[in-house]
C-alpha cells in the first residue's frame, strides 16, 4: 500500500496567548518533493484547508529526503468565521494541533 501524499506537513506550531494558532512551520509539496521549511499564518493555513489540501503533522526522517514520520491529519471544524484548526480524534472548541511541538 502506498503512503498517503500530503500537500503540507506541519513540523511545529506557535500559539497566541488566547490559544489560537499564530503560525506553523511547514513543508509544502512541490511535485515529487517538498520545500524547505516555511512559515504560514493561521489564515493561510485555513485557506489551504478550505481549498481541500491534505495537511498532516509530522517530523522529517533524518537522511531521507521528503520522508516524514506522520503523526496525524489536520482538519478544519466549525462554521465560517469561527473555524478551529484541530488534529486528533476529539472535537475541540479551540485550535489544537496534537503532536506538533511548539517553536
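Summary of values
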| read-out | value |
| --- | --- |
| Test: residue 58 is assigned to a loop (DSSP other than H, G, I, E, B) and either modelled with pLDDT of 95 or more or in contact with a helix residue (DSSP H, G or I) (Cβ under 7 Å, 6 or more places away or on another chain) (or both) | no |
| Subset of the stretch 1-53 [surrounded by 16 or more Cβ atoms within 10 Å (Cβ to Cβ) and part of a loop (DSSP other than H, G, I, E, B)] | 6, 7 |
| Residue 64 vs. criteria crowded, with 17+ Cβ neighbours inside 10 Å and not in a strand (DSSP E or B) | no |
| Count of the stretch 1-27 residues which are free of Cβ contacts under 8 Å to residues at least 24 places away in the same chain and more than 15 Å from residue 69 (Cα to Cα) | 6 |
| Boolean, residue 92 is part of a loop (DSSP other than H, G, I, E, B), in contact with a strand residue (DSSP E or B) (Cβ under 9 Å, 6 or more places away or on another chain), surrounded by 12 or more Cβ atoms within 10 Å (Cβ to Cβ) and free of Cβ contacts under 8 Å to residues at least 24 places away in the same chain | yes |
| Test: residue 97 is surrounded by 14 or more Cβ atoms within 10 Å (Cβ to Cβ) and touching a helix residue (DSSP H, G or I) at 6+ places or on another chain (Cβ under 8 Å) | no |
| Any hit, the stretch 69-81, residues being assigned to a loop (DSSP other than H, G, I, E, B), surrounded by 14 or more Cβ atoms within 10 Å (Cβ to Cβ) and within 16 Å of the chain's Cα centre (by Cα) | no |
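The values are calculated or read from the model by the stated rules, or taken from the named source; none is laboratory data. Worth saying up front: this structure is predicted, and the values here are computed from it rather than measured. Positions of Cβ are backbone-derived with ideal geometry, glycine not excepted, and every protein chain shown enters the neighbour counts.
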